[in-house]
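Below: one structure, written as structure tokens.
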Amino acid sequence: MPGPLLALLLAAPGPLHESAFHLDRPGEVVATVTAGCDGCDWAVHGHEAAVLSLAVDGRYSQHLVLFRGESAGYPVLLGALGPGEHRLCLTLDARRSPPAVGPVRVAGVAVSAAGAGDPDHEALA
């Protein structure tokens, strides 16, 4: 029988989504996460929303609350990133999600960046 720490690690859910993206130059990065959960309903106790944890390059970035039904786009600001390869990882935060939420799906993630001189750069920075 595994010890408590090993049991916790074995029970931890894997990522719902992982993707790599490349930036040619530094910029303010926005990821639009298309995701949803079955049975999420803000009006029903215990089914309010699913909470995802986002990590960029292995470091915690932020939480994203999925509250808009089975599939919706959620733009999130990942902040300023340098040029090169980056990795985005989304996992379900079971401690912050009600236990009765249905399955959570991430249909995709679109990443865009605004570098210095781009029209959106100042607003995003």
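The values are calculated or read from the model by the stated rules, or taken from the named source; none is laboratory data. What you are looking at is a predicted structure, and each value in this text was computed from that prediction instead of being measured. Don't worry about glycine lacking a Cβ; one is built from the backbone with ideal geometry, like all the others, and counts go over all protein chains shown. Surface accessibility is based on the protein's heavy atoms, side chains included, excluding ligands, DNA and RNA. Shrake-Rupley method; radii C 1.70, N 1.55, O 1.52, S 1.80 Å.
Quick notes on this one:
- Test: residue in region 53-65 that is in contact with a Lys or Arg (Cβ under 9 Å, 6 or more places away or on another chain), of a type in the set (A, V, I, L, M, F, W, C), more than 21 Å from Ser19 (Cα to Cα) and open to solvent by less than 80 Å² (accessible area, probe 1.4 Å): no
- Looking across region 49-75, the residues that are in contact (Cβ under 8 Å) with a residue 12 or more places away in the chain, farther than 16 Å from Arg95 by Cα and assigned to a strand (DSSP E or B) come down to Ala55, Val56, Ser61, Ala72, Gly73, Tyr74, Pro75.
- Qualifying residues in region 71-92 (those that are over 14 Å from Thr32 (Cα atoms) and crowded, with 16+ Cβ neighbours inside 10 Å) - the one nearest to the chain's Cα centre (by Cα): Thr91
To keep it simple, each residue is scored yes or no on (1) among the acidic types (Asp, Glu); (2) at pLDDT 95 or above; (3) open to solvent by less than 30 Å² (accessible area, probe 1.4 Å); (4) within 17 Å of the chain's Cα centre (by Cα).
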site	(1), (2), (3), (4)
Leu6	no, no, no, no
Leu23	no, yes, yes, no
Cys37	no, no, yes, yes
Trp42	no, no, no, no
Val51	no, yes, yes, yes
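- The criterion of being open to solvent by less than 20 Å² (accessible area, probe 1.4 Å) and touching a residue at least 60 places away in the same chain (Cβ under 8 Å) does not hold for Gly46.
- Candidate set from region 102-121 (those that are open to solvent by less than 30 Å² (accessible area, probe 1.4 Å) and over 13 Å from the mean Cα position of the chain (by Cα)); member that is farthest from His22 (Cα to Cα): Gly102
- Close pairs from region 20-41: first more than 10 Å from Val111 (Cα to Cα) and among the β-branched types (Val, Ile, Thr), partner in a strand (DSSP E or B) and at pLDDT 95 or above, Cβ under 9 Å, at least 6 apart: Thr34/Gly73; Thr34/Tyr74; Thr34/Val106; Thr34/Ala107; Thr34/Gly108; Thr34/Val109; Thr34/Ala110
- Selection count, region 92-122, where residues are in contact (Cβ under 8 Å) with a residue 24 or more places away in the chain and not in a loop (DSSP other than H, G, I, E, B): 13
- Condition met for Arg68 (open to solvent by 20 Å² or more (accessible area, probe 1.4 Å), closer than 20 Å to Ser112 by Cα and among the basic types (Lys, Arg)): no
- Flag: Val29 does not match the condition of being at pLDDT 95 or above, outside any loop (DSSP other than H, G, I, E, B) and within 15 Å of Ser97 (Cβ to Cβ).
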